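The structure appears right after this line, and notes come after that.
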Amino acid sequence: KCAGGKCIINSTNYEDGNERFNSVLNLALNYGSGLVIGTIDEDGMARTSEKKFEIAQRSINETRNKGIQDYEIFFDPLALPISTGIEEDRLNAKETIESIKKIRKDIKNCHIILGISNVSFGLSPLARINLNSIFLDECTKAGLDSAILAPNKILPLSKINEETKKLCLDLIYDKRIFKDNICTYDPLVELTKLFQDVSV
């Protein structure tokens, strides 16, 4: 009521089924706000691009039925860390980028928002800054049009050298190299080494 412009409610999802989703949806309707919808359902956070897209489709059908315009919706496909070394986390960034492409192609007038720094959780500060910057660029190319980030925690691409860019991209797209089932190149290990003795 006090804001001079259009507010955005951050956020709702299907974690508790339709009950919570609809209660926040009704707030958006009553106050004429935009709405962030996270790709979470009753099974938890979506990890694959297919599941993230499926939740986006489910929710856009509901918001359209309630009379909310697509451009008032901000989908958050939720970046998860790729920095843990755990096998099931290796494709988190790639799946998020793929989900952005799918949502952008199918729901053209919506917005897509993302908390960028989650992707690099646990790395050293300078490694995080470089990885976050490259990840932001890849997401923007895929169709991301808004982001949650600290401006002092990203760099212009021109300030990132080619070796670091390659390592970050190889990590984002999980381009590990295996020989006889043994990993001979792991970009996560190499990126960690590159910044282990370097401070911000």
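The values are calculated or read from the model by the stated rules, or taken from the named source; none is laboratory data. It should be emphasised that the depicted structure is a prediction, and the values quoted were computed from it without experimental measurement. Note that we place each Cβ from the backbone using ideal geometry, even for glycine, and neighbour counts take in every protein chain shown. When the accessible area is computed, the model is the full protein with side chains, heavy atoms only, and any ligands, DNA or RNA have been set aside. Shrake-Rupley method; radii C 1.70, N 1.55, O 1.52, S 1.80 Å.
Take region 158-174 and flag every residue that is touching a residue at least 24 places away in the same chain (Cβ under 8 Å), open to solvent by less than 60 Å² (accessible area, probe 1.4 Å) and either within 24 Å of Ile103 (Cβ to Cβ) or in a helix (DSSP H, G or I) (or both).
Thr164, Lys165, Leu167, Cys168, Leu169, Leu171, Ile172, Tyr173, Asp174
Take the residues of region 135-153 that are modelled with pLDDT under 95 and in a helix (DSSP H, G or I): which is farthest from Ile37 (Cα to Cα)?
Across region 135-153, the extreme among qualifying residues is Asn152.
Residue under question is Ile9, and the condition is that it be assigned to a loop (DSSP other than H, G, I, E, B) and either open to solvent by less than 20 Å² (accessible area, probe 1.4 Å) or hydrophobic (A, V, I, L, M, F, W, C) (or both); does it hold?
So Ile9 does not fit the description; no.
Scan region 103-130 for residues that are buried (at least 17 other Cβ atoms within 10 Å of the Cβ) and under 13 Å from the mean Cα position of the chain (by Cα) and jot them down.
Ile103, His111, Ile112, Ile113, Leu114, Ile116, Ser117, Asn118, Val119, Ser120
Looking at region 23-69, which of its residues are more than 24 Å from Glu88 (Cβ to Cβ) and of a type in the set (Ser, Thr, Tyr)?
Matches in region 23-69: Ser23, Tyr31, Ser33, Ser59, Thr63.
Identify all residues within region 48-87 that are assigned to a loop (DSSP other than H, G, I, E, B) and out of contact with any Ser or Thr (no Cβ under 9 Å at 6 or more places or on another chain); write none if there are none.
Hits for region 48-87 are Lys66, Gly67, Ile68, Thr84, Gly85, Ile86.
Among the numbered criteria (1) exposed (fewer than 14 other Cβ atoms within 10 Å of the Cβ); (2) in contact with a Ser or Thr (Cβ under 6 Å, 6 or more places away or on another chain), which single criterion is violated by Gln196?
With (1) exposed (fewer than 14 other Cβ atoms within 10 Å of the Cβ); (2) in contact with a Ser or Thr (Cβ under 6 Å, 6 or more places away or on another chain) applied to Gln196, the lone miss is (2).
All but one of (1) assigned to a helix (DSSP H, G or I); (2) among the hydroxyl-bearing types (Ser, Thr, Tyr); (3) surrounded by fewer than 21 Cβ atoms within 10 Å (Cβ to Cβ) hold for Ser99; state the number of the condition that does not hold.
(3)
What are the pairs, 6+ residues apart or on separate chains, where a residue within region 103-118 that is part of a helix (DSSP H, G or I) has its Cβ under 7 Å from a residue that is open to solvent by 80 Å² or more (accessible area, probe 1.4 Å)?
Ile116/Ile148; Ser117/Lys153
May I ask you to list the residues in region 28-65 that are open to solvent by 80 Å² or more (accessible area, probe 1.4 Å) and more than 23 Å from Lys102 (Cα to Cα)?
Passing the criteria: Asn30, Tyr31.
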